[in-house]
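Written out below as structure tokens is the structure these notes cover.
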Amino acid sequence: MDDREHEDATLQMSHSEASTKSGTELGPNSAIGKRLKAYYDDVASEPVPDRFLSLLDALDAAERASKADRE
């Protein structure tokens, strides 16, 4: 068991050293993270469809009406 624990400790140290050298803690997942962020940024920058805006306006109007009824 001692040999196995030593191997595990060595692997963990080499992994942490590699992530420190590369400047990222994500290792091979950093490319995935970058692509997901780029995809999210593209989607987030798209304009909101007019149909959604009209639904949001209707919701705001309904909330205002509901508050006025309570007062």
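Derivation of every value follows stated rules applied to the coordinates shown; laboratory data play no part. What you see is a predicted model; the values in this text were computed from it and never measured.
If the chain linking Leu56 and Asp69 were pulled fully straight, counting 0.36 nm for each residue of separation and taking away their Cα-Cα distance, it would gain 2.7 nm.
Grab the Cα-Cα distance for Glu46 and Lys34, subtract it from 0.36 nm times how many residues apart they are, and report the gain in nm with one decimal.
Working: separation 12, 0.36 × 12 = 4.32 nm, distance 1.88 nm.
The Glu46-Lys34 span can extend by a further 2.4 nm.
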